[in-house]
Each structure stands twice: as structure tokens, then as C-alpha cells.
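One structure is given below, encoded as C-alpha cells.
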Amino acid sequence: MELDGTVLCGQSFDPIRGRVVIEDGRIEAVEETETASTDIILPAFVNAHTHLGDSVTKDAAVGLGLEEAVAPPDSVKHRALAAADRDELVTAMRRTLRYMQQTGTMGCIDFRESGPPGARALRAAADGVDLDVFILGSGDTAVLDIADGYGASGANDDDFATERDACDAAGVPFAIHAGEPDPTDIFPALELDPDLLVHMVHAVTEHLEVVANRSIPIAVCPRANATLGVGRPPIRELLDHTTVALGTDNVMLNPPSMFREMAFTAAGFDVTDREVLRMATTAGAEIAGFDSGVIEPGRRAALTVLDGDSDNLSGTVNPVSAVVRRATGTDVKRVLC
């Protein structure tokens, strides 16, 4: 298989006119050559932080703050999850996964509530959808028999030392929310030696020095933070200290569109367009171990193809900025996962 057009190559997404040669699901070669194609070929997105379960209650928390909207155990979100039957939950999550795949995403890292039954429901939802779901389970440590790791709500919510130890024993990652409403749970989260931190809205230099020393990656969700009014993550400072990936967070708050997340981040933070694209592709893929996120020989061919001659993208002179700031799901021509 060959894909022709403007290819965003390598770690720096250098645009070349040429083609990507694919064999047995992997990139065989990237070649400069003359082509009439206006397509833009980029790594497919990895959404580094989702909560797919609240697909059952989209927009139910409009106008609410963090505690009322999503905090366990009595928020709008958690009441809806408790009330949803399994078939309703699986169907809603599957529809969200299909939307994500249609809009250029090849994989996501999901914090799945409801313990082992919740992880099983997400496995069922993902069955038959061409998108990789890395599940961070919750509740009883038996969830690690089903999930790919453990996702803790926050160090102020509970003592997660047992779960951290269980992850070590199983050789799987432990992730935790930190610094979303305030900074008080950041150092307790760091004491658990997590493999992934989520949010870090209120992180300061003393936190980030620890993060840098331990090379802990961070997933940020700036649109959700804005929706809930908890503040703005210090993305520039985070990038200066560690790997930072982009996520969309709760489906009930915002659609899981990486195009929207990139445009919001590029417009509102001190970051370059290439950094934003790396956050939406390479960084998330590295965290999840997807072997994608970069267009280079030997990598998995997980690619998104945009119609560069769409009414929206026609005439662009900067393909990286076009992807990050202008493109939408309607410009997606093809997704290879």
C-alpha cells in the first residue's frame, strides 16, 4: 500500500512531498517524490486521557464545577454511571470510540470507573472498533487481570499504596490524577511513584523538579480544565521538564476531538504548533506503548489522512499549523489503525 501527499515525517513533523510505503501494517519507507495528491498524512492521534464511561450522560454537567460534575462518589457523573445498565454503557462507549476513530484517533488511555465490571464493559465496547484502548482500571486490584494498569482518582481521595504495590507486582503502570482542583494532592501523588500523572494544573517548580528527576510523563486536558473552572495547566513549564501528552478527559464535558483540543491548546498557551502535534500523537503513543506516533520506517502504520483540498484546508501554506489550528473531523479522509 502507498499513501501519497504531504507527509509529516519524523519527530519534528517535517513536511515532505512524497509517499509512505506500507507493508504488513508497518511503514516500510518514506520517500520524496513528485505527486499530484493534496492529501496531508500525519500520525494518527492518541488521546492520552479519557473517561469513556460518562458517554452515557453527555452535557449533564453544563455549568457545574468539579465536585458537582465528576468527583466521586456522588457527582452527576457517578450517579449516572451507577444508574446505567451494562448494555446502555457498552453502546454509549462504543459510539464514542467510533467517533474518535472517525476523527483521526487510533488509540486512547482511559480511566475506567466501576472496578472489574467497568473494565470488562470497556473491553466489550472496544470489540470490533478499529481503535486501541489502553485501560487503567479502578476499584479492587483484581481489575488488573482485565485492565492494562490502574488509574487512581487522586491522592486525597484514598490511600492507593496497595494498588501501587499491585501494579509493581503485575508489571503494569499506575496512574493518578493530581493537581486538578488545587496543589494539595501533588506531593502525596508523587510519593506513590506514578508512571503517569494527569492534569497538574497547579504544579509549581518544586513539583516539577521531582517529575523531571523521575521522568514522569503528564497528560494535560486544557479544555476540560477550562470547562470546570479549575485553572490552566502550566503547559510550557511542564514541557520544559518532562513528556507531555494531550487528552480530552470526560466525554460528558467535551467531545473527544483531538482537533478541538489541539486548536484550543495552540491558541491559548505558550507552545509551538509542532509541540502541540507531538503532544497529540508521539507523546501519548509513547506512554501507552503503541509503537506509533511517528512516521518513519519500522513504525506501525497508524496514520490519519486529511483532504488537503477540502473547502477548509485548500490554500494552506503551513501543513503543520493547518493540522493543529484549522483542521476538523470533516477533513479526515482516511484513518489507518
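Read the figures in this text as sums done on the coordinates, not as results from a lab. No experiment lies behind these values; they were computed from the predicted model shown. A quick note on method: Cβ atoms are made from the backbone with ideal geometry, for glycine too, and the neighbour counts reach across all protein chains shown.
Numerical summary
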read-out: Pairwise label distance in nanometres, Glu68 with Glu209, each label 7 Å out on the Cα-Cβ vector; value: 4.0
read-out: Cut-off under 5 Å, modelled amide H: who pairs with Asp132 long-range; value: Gly107, Cys108
read-out: Residue-count net charge about Glu34 - beta-carbon cut-off 12 Å; Lys, Arg +1, Asp, Glu -1; value: -1
read-out: Efficiency of FRET from Cβ geometry, Asp24 and Asn318, R₀ 30 Å, rounded to 0.05; value: 0.35
read-out: Charge context of Ala219, other residues only, Cβ under 14 angstrom, K/R +1, D/E -1; value: -4
read-out: Full-stretch length increase - Thr38, Asp14 - with 0.36 nm per residue and alpha-carbon distance subtracted; value: 7.0 nm
read-out: Computed magnitude of the charge dipole of the stretch 145-192 (debye, nearest 20; Cβ of K, R +1, Cβ of D, E -1); value: 140
read-out: Dipole magnitude (debye, nearest 20) for the chain, charges at Cβ of Lys, Arg, Asp, Glu; value: 860
read-out: Amide H within-cut-off set for Ala245, under 5 Å, with H built and near neighbours excluded; value: Ile218, Ala219, Val220
read-out: Those GluC sites (Glu not before Pro) in the stretch 1-101 that DSSP places in a loop and that have at most 16 other beta carbons within 10 Å; value: Glu34
read-out: Charge context of Asp270, other residues only, Cβ under 13 angstrom, K/R +1, D/E -1; value: -2
read-out: Among beta bridges that DSSP assigns inside the chain, antiparallel share in %, nearest 5; value: 45
read-out: Whole-angstrom gap from the stretch 299-337 to the stretch 105-158, using each part's C-alpha centre; value: 30
read-out: Correct choice for Rg and Dmax of the Cα atoms in Å that was computed from the model, options (1) 19.1, 54; (2) 19.3, 59; (3) 21.3, 67; value: (2)
read-out: Estimated vicinal HN-Hα couplings, Hz - the stretch 18-32 in sequence order (Karplus 6.51, -1.76, 1.60; Gly, Pro = x); value: x, 8, 10, 9, 10, 9, 6, x, 10, 6, 7, 7, 10, 10, 6
